[in-house]
Amino acid sequence: MSPYLCVALGGALGAVSRYTAGSLPVAQSSPHLRTAVINIAGCLVIGILWAVIDSFHLSRVWYNILIAGFLGGFTTYSSFSLETIRLVADGRLSDALVYIGLTLLGCLGACALGLYATSHILNHHSPAL
């Protein structure tokens, strides 16, 4: 299957999943919190998927569909960037700093958790990064 088709199919599913997750009642309290939670969830899932793909030596097709495609469509760092700039432009610097910290630390932590927890469960070793 063409890598472009794999990424496109995964990306479409990721975009629909992101829209659906953003529509859940828990995500309606704040657009900034919604974006942060979606990014953190995406980082957790990318850690899990990378560990599975690496542990089972899955073909590049799975990487293209799940990581480049699905998670590329699901996570929202472009929205994160725009929302941060708008917060700063609106004079809400403290909100912007909290948003940056929550997103970056939460996403890095979630990715590490997904990667290492799944690697431990599957192989009891750290995956190749």
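The values are calculated or read from the model by the stated rules, or taken from the named source; none is laboratory data. All of these numbers come straight from a predicted model, not from anything done at the bench. A quick note on method: Cβ atoms are made from the backbone with ideal geometry, for glycine too, and the neighbour counts reach across all protein chains shown.
Miscellaneous remarks
- Within segment 79-129, considering residues that are more than 21 Å from ILE53 (Cβ to Cβ) and of a type in the set (Phe, Trp, Tyr), the one modelled with the highest pLDDT: TYR99
- Meets criteria (hydrophobic (A, V, I, L, M, F, W, C) and under 18 Å from the mean Cα position of the chain (by Cα)) for LEU24: yes
- Matching helices (runs of 4 or more DSSP H) fully within segment 13-129 where at least 3 residues are surrounded by fewer than 17 Cβ atoms within 10 Å (Cβ to Cβ) and free of Cβ contacts under 8 Å to residues at least 24 places away in the same chain: 77-89, 93-122
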